[in-house]
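A short write-up of the structure that comes next.
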Amino acid sequence: YEYQYNDEYEKDIIFAQTPKAPRTVKENSTVTLKVSKGVMTSEMPELKNFTRAEAQKILEEMGVNIAVDTIETKDVVDGNVVKTSPEAGELVTSGSTVTIYIAIDQEKNTREVPNVVGSADLATARRAITAAGLRVENYTQAESYEPVGVVIAQSPEAGSELQAGGGV
């Protein structure tokens, strides 16, 4: 038996085997069964002042999904974790989402505008802009020789600097 945490199957339920059924095996061959240990529950650690990369590594090891948001503060070094949701000490289960709030100093925090021209659709462009710490201010549809939905222009242009949270 191999025991593994699994958020899809209750504790002590077999969720996989090797070789897979309906295969025939020779007598005295090894068949490995994977048995669920159930959902992994962990206490949320204190991540304040950790770098974003350090916090993400810890949370990935806990098996949680990670959301990232920013918060203006001068109490924590720019780019480090200010707080989490759920908060330190609370119980979290594998597969749940933990939000880490990263410090930004609005006065000195500018972001480079990514190049989204040629993106296959608005959702892809929006993800790139959001990941850069900016927001999509507006968009319009225009005729073009490009396939429908492809981004054909942007303003400000790629490489420009905007205040964090600024609109593209």
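The values are calculated or read from the model by the stated rules, or taken from the named source; none is laboratory data. From a predicted model like this one, the values you see are computed outputs, not experimental measurements. Note: ideal-geometry Cβ built from the backbone for every residue, glycine included; neighbour counts use all protein chains shown. The accessibility values were calculated without ligands, DNA or RNA, using every heavy atom of the protein model including side chains. Shrake-Rupley method; radii C 1.70, N 1.55, O 1.52, S 1.80 Å.
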- Over the range 148-168, the set of residues assigned to a loop (DSSP other than H, G, I, E, B) and open to solvent by 70 Å² or more (accessible area, probe 1.4 Å) is 148, 152, 153, 155, 157
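Restrict the check to the range 32-48 and report whether at least one residue is more than 27 Å from the chain's Cα centre (by Cα), at negative phi and β-branched (Val, Ile, Thr). Full working, then the answer.
Taking the range 32-48 first, the residues more than 27 Å from the chain's Cα centre (by Cα) are 32-35.
In the following step, the residues that additionally are at negative phi were identified as 32-35.
Going one step further and asking which of them are β-branched (Val, Ile, Thr), we end up with 32, 35.
There is at least one residue in the range 32-48 that is more than 27 Å from the chain's Cα centre (by Cα), at negative phi and β-branched (Val, Ile, Thr).
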- Message: Under 8 Å between Cβ atoms, which residue pairs at least 6 apart in sequence (or on different chains) link something in the range 126-146 that is at pLDDT 85 or above with a partner that is among the basic types (Lys, Arg) and open to solvent by 80 Å² or more (accessible area, probe 1.4 Å)?
- Response: 129/135; 136/126
- Does residue 85 satisfy the criteria of being in contact with an Asp or Glu (Cβ under 6 Å, 6 or more places away or on another chain), closer than 30 Å to residue 134 by Cα and open to solvent by less than 70 Å² (accessible area, probe 1.4 Å)? no
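Among the candidates 93, 97, 130, 70, single out the residue that is open to solvent by 50 Å² or more (accessible area, probe 1.4 Å), closer than 30 Å to residue 43 by Cα and in contact with a Gly (Cβ under 7 Å, 6 or more places away or on another chain).
Details: 93 fails: in contact with a Gly (Cβ under 7 Å, 6 or more places away or on another chain); 97 fails: in contact with a Gly (Cβ under 7 Å, 6 or more places away or on another chain); 130 fails: in contact with a Gly (Cβ under 7 Å, 6 or more places away or on another chain).
Of 93, 97, 130, 70, the one residue that is open to solvent by 50 Å² or more (accessible area, probe 1.4 Å), closer than 30 Å to residue 43 by Cα and in contact with a Gly (Cβ under 7 Å, 6 or more places away or on another chain) is 70.
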- Message: Just checking: which of the strands (runs of 3 or more DSSP E) contained wholly in the range 79-118 hold 1 or more residues that are of a type in the set (Asp, Glu)?
- Response: 110-112
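Can you name the residue in the range 48-67 that is assigned to a strand (DSSP E or B) and hydrophobic (A, V, I, L, M, F, W, C) and, of all such residues, is most open to solvent (accessible area, probe 1.4 Å)?
We begin by selecting, within the range 48-67, every residue assigned to a strand (DSSP E or B); these are 51, 65-67.
In the following step, the residues that additionally are hydrophobic (A, V, I, L, M, F, W, C) were identified as 66-67.
Numbers: 66: 53, 67: 33 Å².
Filtering the range 48-67 for residues that are assigned to a strand (DSSP E or B) and hydrophobic (A, V, I, L, M, F, W, C), the one most open to solvent (accessible area, probe 1.4 Å) comes out as 66.
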- Task: Among residues belonging to the range 30-43 that are open to solvent by 70 Å² or more (accessible area, probe 1.4 Å) and of a type in the set (D, E, K, R), point out the one that is nearest to residue 65 (Cα to Cα).
- Result: 43
- Given the conditions (1) on the phi < 0 side of the Ramachandran plot; (2) in a loop (DSSP other than H, G, I, E, B); (3) open to solvent by 100 Å² or more (accessible area, probe 1.4 Å), which single one is not true for residue 3? (2)
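Mind listing whichever residues of the range 9-31 are in contact (Cβ under 8 Å) with a residue 24 or more places away in the chain, on the phi < 0 side of the Ramachandran plot and among the charged types (D, E, K, R)? Outline the logic, then answer.
Residues of the range 9-31 that are in contact (Cβ under 8 Å) with a residue 24 or more places away in the chain, as a first pass: 9-12.
Still in the list and also on the phi < 0 side of the Ramachandran plot: 9-11.
Passing the criteria: 10, 11.
May I ask you to list the residues in the range 11-29 that are loosely packed, with under 12 Cβ neighbours inside 10 Å and either farther than 28 Å from residue 63 by Cβ or charged (D, E, K, R) (or both)? First the steps, then the outcome.
Taking the range 11-29 first, the residues loosely packed, with under 12 Cβ neighbours inside 10 Å are 12, 14, 18, 20-29.
Within the range 11-29, 12, 20, 22, 23, 24, 25, 26, 27, 28, 29 meet the criteria.
Given the criteria at pLDDT below 90 and either of a type in the set (Ser, Thr, Tyr) or touching a His at 6+ places or on another chain (Cβ under 6 Å) (or both), does residue 160 qualify?
Values: at pLDDT below 90: yes; either of a type in the set (Ser, Thr, Tyr) or touching a His at 6+ places or on another chain (Cβ under 6 Å) (or both): yes.
Answer is yes for this residue.
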